[in-house]
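S.K.: Got a structure here, written out as structure tokens. Questions coming.
The values are calculated or read from the model by the stated rules, or taken from the named source; none is laboratory data. Remember, it's a predicted structure, so these values are computed and weren't measured experimentally. Note that we place each Cβ from the backbone using ideal geometry, even for glycine, and neighbour counts take in every protein chain shown. Heavy atoms of the whole protein, side chains included, go into the accessibility calculation; ligands, DNA and RNA do not. Shrake-Rupley method; radii C 1.70, N 1.55, O 1.52, S 1.80 Å.
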Amino acid sequence: RVPLPPLTEERRREITKVVRAEGEDAKVAIRNLRRDANDAIKKTEKAKEITEDEAKKGTEKVQKLTDKVMKEIDAAAANKEKEVMEV
């Protein structure tokens with residue numbers, strides 16, 4: 001076992017900044033995936049493989065999934081920040 005000293009307040013704040021940055025990186029990745037999915041839907045609609053209604057439903061479904069994952073990321077980041085700040 002390696003003995004580790006307790007974290008200082010300053011170090012805890014630095015770690016929470018890292019947690020926030022990782023959360024933002026995850027959100028950016030999700031937004032990029034949403035953009036790619038929406039582009040794919042538009043391409044298939046232009047190719048007349050799906051109807052306009054199906055494209056709209058697909059876009060709405062992608063948005064709902066994106067919103068759900070964003071909330072999960074926010075919750076996970078908030079929980080981790082809380083955990084790090086506990087003494």
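S.K.: Tell me the carbon and sulfur percent of the accessible area for the chain, rounded to whole percent, probe radius 1.4 Å.
M.R.: That fraction is 55 percent.
S.K.: Okay, moving on. Over every pair of different alpha-carbon atoms in segment 1-77, take the mean of 1/r and invert it; report that Kirkwood radius in Å. Let's see the in-between values first.
M.R.: Working: mean 1/r = 0.0658 Å⁻¹.
So the Kirkwood estimate lands at 15.2 Å.
S.K.: While we're here: State in Å² the accessible area per residue of the chain; use a 1.4 Å probe, count heavy atoms of protein chains only, and round to the nearest integer.
M.R.: Value for the chain: 84 Å² per residue.
S.K.: Estimate the FRET efficiency between E83 and D39 by the formula 1/(1 + (r/R0)^6), using the beta-carbon distance for r and 30 Å for R0, to the nearest 0.05.
M.R.: That gives a FRET efficiency of 0.20.
S.K.: Here's a follow-up. Could you work out the relative contact order of the chain? I mean the mean sequence separation of Cα pairs under 8 Å and 6+ apart, divided by the number of residues, in percent.
M.R.: With pairs under 8 Å counted, the relative contact order is 48 percent.
S.K.: Compute the long axis of helix 9-46 from its Cα atoms, compare it with the longest principal axis of the Cα atoms of the chain, and write down the angle in degrees, 0 to 90, nearest 10.
M.R.: That helix lies at roughly 10 degrees to the long axis.
S.K.: What's the FRET efficiency of E72 with K48 using the Cβ-Cβ distance as r and R₀ = 41 Å, to the nearest 0.05?
M.R.: Working: r = 36 Å, r/R0 = 0.87.
Computed FRET efficiency for E72 and K48: 0.70.
S.K.: Lysine pairs in the chain 8 or more apart or on different chains: how many have alpha carbons under 18 angstrom apart?
M.R.: Taking the chain as the scope, the lysine pair count is 24.
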